[in-house]
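Read the structure below first, then the notes.
Only the coordinates and a few stated rules stand behind these numbers; no lab work does. All values derive from a computational prediction rather than experimental measurement. Every residue, glycine as well, gets a Cβ built from its backbone with ideal geometry; the counts of neighbours run over all protein chains shown.
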Amino acid sequence: MSLLEVDGVSKRFGGLMAVWGMTFKLEKGEILGLIGPNGAGKTTLFNLINGFFAPTAGQVRFRGERIDGKKPHEVCERGLARTFQVVKPLARLTVLENVMVSAFSRTSNPAKAREGAREAIAFTGMDSWSDTLAKSLPLGMRKRLEMARALATKPELLLLDESFAGLNPSEVEAMIEIVKKIHGSGITILIIEHNMRVIMAVSHRLLAINYGEKIAEGTPQEVANDPKVIEAYLGVAHA
């Protein structure tokens, strides 16, 4: 049994079919990269997996249990967490308080929530920022805070939505190490990313989509060399 199974999932918004017949599996311990041009349906697919949208058709199963149609907090309680492309922390709360809010998904005890939050903050290298108001954080630290908030829910599967976007080269290198550290801790990862150097470096497999449909799936090298992917997304210069 695969950890995550997406079976024939489609999502229609009025006359627009944003995701069409999407089928793939994610095995425990994998890092699966999701690539495609802007508007291809990548974030919509995340929203279908973690419960923000209910699919028009198809099923999503996590650890063998159907989760399509369940609310995001119900999906999170089962061990599936995500980050967001546009990070929106609770601006007037500190880093620690932000992460504690997420930690309360696993406990109602404030002391245990604080302990879990501190663990997630330390894991992402934000110890020195714990008492900083979220609104004062630079982008790189806001991205780390987003990861810490997700990790505080103790996920088995983590969905990362463009966690590298807007980062400078040194921040990118640091974030790559954090992603590898997360994976090394036993967490399975599904990641959306436009930076091909990053996605090629961290992923075991790639899934490429365009206009809401899967166009290629395989090893990073296989997908990067696929003519359909080159035409739809990477371009001749990449080839």
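What is the spin-label model distance, in nm, from Glu65 to Glu77 if the labels are put 7 Å beyond Cα along the C-beta direction?
Modelled inter-label distance: 0.9 nm.
Give the lysines whose C-alpha is closer than 18 Å to that of Lys228, dropping any in the same chain fewer than 8 places away, or say none.
Hits, sequence-local ones excluded: Lys42, Lys214.
Order the peptides 37-50, 145-158 from the highest to the lowest mean number of other Cβ atoms within 10 Å of their residues.
On the way: 37-50: 20.7, 145-158: 23.7.
Put in order of decreasing packing, that is 145-158, 37-50.
Applying a 10 Å radius around every beta-carbon, put 98-107, 173-182 in order of their mean neighbour count, most first. Spell out each step's value before the answer.
Details: 98-107: 20.4, 173-182: 16.6.
So the order, starting with the most tightly packed, is 98-107, 173-182.
Looking at the square roots a ≥ b ≥ c of the eigenvalues of the Cα gyration tensor of the range 34-88, which shape do they give, rounded for a/c under 1.5, prolate if a/b is larger than b/c, or oblate? Please list the in-between numbers first.
Numbers: a/c = 2.01, a/b = 1.35, b/c = 1.49.
Because a/c hits 1.5 or more and a/b fails to exceed b/c, the range 34-88 counts as oblate.
Normalised by the number of residues in the range 69-195, what is the relative contact order in percent for Cα pairs under 8 Å and 6+ residues apart? Let's see the in-between values first.
Numbers: 187 pairs, mean separation 41.1, N = 127.
Dividing the mean separation by the residue count of the range 69-195 yields 32 percent.
Can you give me the relative contact order of the chain as a percent, contacts being Cα pairs under 8 Å and 6 or more apart? Could you put the intermediate results ahead of the total?
Working: 467 pairs, mean separation 60.0, N = 239.
Value for the chain: 25 percent.
Quote the charge dipole size of the chain about the Cα centre in Debye, to the nearest 20; the model charges only the Cβ of Lys and Arg (+1) and of Asp and Glu (-1).
Numbers: 30 positive and 26 negative charges, 134 e Å.
It comes to approximately 640 debye.
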